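The values are calculated or read from the model by the stated rules, or taken from the named source; none is laboratory data. These numbers come from a predicted model, not from an experiment. We place every Cβ from the backbone using ideal geometry, glycine too, and count neighbours over all the protein chains shown.
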Amino acid sequence: MKSRTEVFARLAFVAALAAALCLPTTAQAQSRTVAVDCAGELKTFCSKVRPGGNRLVACLIAFEDKVSPRCRLTAYLASGTLGNRMKELQSMAKICSSDILQYCSKVPPGGGRIYDCLKSNKATLTDECREGMPRFEVLLKQ
């Protein structure tokens with residue numbers, strides 16, 4: 001049998017989820033919603049994270065056990081495109097894997113450094129990797 005606290009927590013979650021159906025769905029509106037609903041959490045847990053590319057949302061999800069229920073729900077709703085972006089970035093990494101190994105093996109990942117390395121070696125990249133660079137840049141800026 002569930003305790004009263006668990007029942008109320010579930011009811012609160014269902015109510016929050018129902019309210020969330022009314023939240024804006026565009027990326028820009030979701031960013032504003034995250035900034036409002038998670039202002040304290042962003043300051044506490046994600047202050048050193050560079051905004052953009054859903055990095056703040058990923059940070060909030062990493063601290064899901066420490067953020068408020070409202071912030072947790074907002075972060076999950078805003079993360080809808082994060083999985084798709086990750087798949088596309090992984091696809092690009094696979095396409096450019098030989099170039100990454102050849103030119104960027106000593107470059108620490110993160111912060112767009114692998115992309116910068118590939119870009120600085122653009123003239124000597126494999127055709128497939130070079131052709132994918134514009135898409136890679138768009139994914140990193142999202």
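Odds and ends about this structure:
- On inspection, ARG130 does not qualify as assigned by TED's automatic domain parsing to the domain that holds LYS48 and surrounded by 16 or more Cβ atoms within 10 Å (Cβ to Cβ).
- Residue in the range 99-106 that is modelled with pLDDT under 90 and surrounded by 13 or more Cβ atoms within 10 Å (Cβ to Cβ) present: no
- Just so you know, in the range 34-75 the residues that are modelled with pLDDT under 85 and buried (at least 16 other Cβ atoms within 10 Å of the Cβ) include one that is nearest to GLU137 (Cα to Cα), and it is GLY53.
- Sole exception among (1) modelled with pLDDT under 50; (2) surrounded by 11 or more Cβ atoms within 10 Å (Cβ to Cβ); (3) under 22 Å from VAL138 (Cβ atoms) for THR26, by number: (2)
- Failed item in (1) farther than 22 Å from GLY110 by Cα; (2) loosely packed, with under 11 Cβ neighbours inside 10 Å; (3) modelled with pLDDT under 90, with GLY83 passing the rest: (1)
- Remark: VAL36 falls outside the filter, which requires a residue to be of a type in the set (Val, Ile, Thr) and under 15 Å from the mean Cα position of the chain (by Cα).
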